[in-house]
Amino acid sequence: MKNQTKTVSIVIIGIIYLIAMLLGYFVFITLNKGLHELVALFLADVVATVVVWGFGLFYKNVSVYDPYWSVAPPVMFTVWAFYKSTFTLPVVLLLIAVWYWGIRLTGNWAYTFKGLAHEDWRYTRYRETQSPFVFQIINFFGLNMMPTVLVFAAMLPGFGLFESTEAANMLTWLGFAICISAATLQLVADTQIHRFREAHPGRYCDVGFWKHGRHPNYLGEISMWWGVWTMYASIYGLDWLILAPVAMTALFLFISIPMMERRQLQNKPGYAEYRKNTRMLI
């Protein structure tokens, strides 16, 4: 019954995302007639997020939004490739890297997802510690819209690749290699921690990559977006779009990691000593 409930929940979320993508596409083709194409795409992304947020309200579960992080970039980059009719080698490398990353990360979400009856602990904590009105403000702007804006910003260097006809160079291939390595790091790190938790419930993971860094999965996520930027920089050089991976790095360093570590310190005996002796990322 538990597995059936999980399966049904994943199908429901799949339908929600299909509705969000179709509505987002309609918004894009409508607004693209009068706005800059990237502005129209961003607004379509916002509308799709609002749809997902709305269903999260309906199911009283913010976790409906969780896979949006890894689903939206591959879909939007692919739609953009067909919209631009651009399939240069740098664009193809970008699509391969982002789809590999997206499928891997979405698969990890599906593996850990327990069904619509379960909400991620971070959202539950906000729900329990804030008034209903304040929680809904945090829910919409902080838990749904802010990640959408940050991921879209991190994608901007990738969109730049569609505007160039230049061939891939060594730095482009380096960026591609960083992306593939980053997603593979996440794959291995997540596999290690899942197996460790099954064998040692209630303990913090300190084997494999986790022996050398407290958050190898987050290191992989940060590196992924630096890889996308490196591909962009291989053609355009250093410009203001370096702020895209910088912002993503700041999100993990100042929000995601501190929040996770506070919980680990409260719930995992010995984590304080592990934290003292093990680097955060590298």
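Pulled fully out, how much extra length does the chain show between Tyr83 and Leu243, if you take 0.36 nm times their separation in residues and subtract their Cα-Cα distance? It would help to have the intermediate numbers written out before the result.
Values: separation 160, 0.36 × 160 = 57.60 nm, distance 2.61 nm.
Here the segment from Tyr83 to Leu243 would lengthen by 55.0 nm.
Between Tyr25 and Arg195, how high is the FRET efficiency from 1/(1 + (r/R0)^6) when r is the Cβ-Cβ distance and R₀ = 35 Å? Nearest 0.05. Intermediate results must be reported in sequence, preceding the final value.
Details: r = 39 Å, r/R0 = 1.13.
E(calc), rounded to 0.05, equals 0.35.
Inverting the mean 1/r over all pairs of different Cα atoms, compute the Kirkwood radius of the stretch 5-120 and quote it in Å. Provide the component values of the computation, followed by the final result.
On the way: mean 1/r = 0.0662 Å⁻¹.
Radius from the Kirkwood sum: 15.1 Å.
If you wrap a convex hull around the alpha carbons of the stretch 95-205, what volume per residue comes out, as a whole number of Å³?
On the way: hull volume 15.6 nm³, N = 111.
Given the Cα convex hull of the stretch 95-205, per-residue volume reads 140 Å³.
Percent of Cα-Cα pairs per 10 Å bin, from 0 to the last occupied bin, for the chain, please list those.
6, 26, 35, 25, 8, 1
So what is the calculated 222 nm ellipticity per residue for the chain, using -39500 (n - 2.57) for each DSSP H run with n of 4 or more, over all residues, to the nearest 500 deg cm²/dmol? Before the final figure, lay out the partial values.
Values: 12 runs with 203 residues, N = 282.
After summing the helix terms and dividing by the residues of the chain, the value is -24000 deg cm²/dmol.
Any chance you could list the semi-axes, whole Å, largest first, of the equivalent ellipsoid that the Cα gyration tensor gives for the stretch 235-281, using √(5λ)?
Details: eigenvalues 210, 26, 5 Å².
Semi-axes from the Cα gyration tensor: 32, 11, 5 Å.
Just to confirm, what accessible area per residue do you get for the chain at 1.4 Å probe, in whole Å²?
Per residue, the chain has an accessible area of 50 Å².
Which residue, Val27, Val11, Val64, has the most motion in a Gaussian network model of the chain that connects Cα atoms within less than 10 Å?
Val11
I'd like to know how the stretch 117-163 sits against the 2.2 N^0.38 Å rule of thumb: what's its Cα Rg over that expected value? Don't skip to the answer; put the middle values down first.
Values: Rg = 15.1 Å, N = 47, 2.2 N^0.38 = 9.5 Å.
In units of the globular-protein estimate, the stretch 117-163 measures up at 1.59.
So, with a 1.4 angstrom probe, what is the percent of accessible area on the chain that is carbon and sulfur?
Details: 9710 of 14180 Å².
Carbon-and-sulfur percentage of accessible area, whole number: 69.
With only alpha-carbon atoms in the gyration tensor, what are the semi-axes of the equivalent ellipsoid for the stretch 129-282, in Å, largest first?
32, 23, 12
Averaged across orientations, what area in nm² does the convex hull of the alpha carbons in the stretch 166-234 project? Before the final figure, lay out the partial values.
Numbers: hull surface 18.6 nm².
Convex hull of Cα atoms, orientation-averaged projection: 4.7 nm².
Where the centre of each part is set by its Cα atoms, how far does the stretch 129-145 sit from the stretch 173-195, in angstrom?
What the calculation gives is 32 Å, centre to centre.
How many nm separate the modelled label positions at Asp120 and Thr278, each set 7 Å beyond the Cα in the direction of the Cβ?
Inter-label distance under the simple model: 2.1 nm.
What do you get when you divide the Cα radius of gyration of the stretch 140-186 by 2.2 N^0.38 Å, with N the number of residues?
Values: Rg = 14.2 Å, N = 47, 2.2 N^0.38 = 9.5 Å.
Taking N as the residue count of the stretch 140-186, the ratio is 1.50.
The values are calculated or read from the model by the stated rules, or taken from the named source; none is laboratory data. Bear in mind that the values here come from a model prediction, so they are computed numbers and not experimental data. Using ideal geometry, Cβ is built from the backbone for each residue, glycine included, and neighbour counts are taken over all protein chains shown. All accessible areas refer to the heavy atoms of the entire protein, side chains included, with ligands and DNA or RNA removed. Shrake-Rupley method; radii C 1.70, N 1.55, O 1.52, S 1.80 Å.
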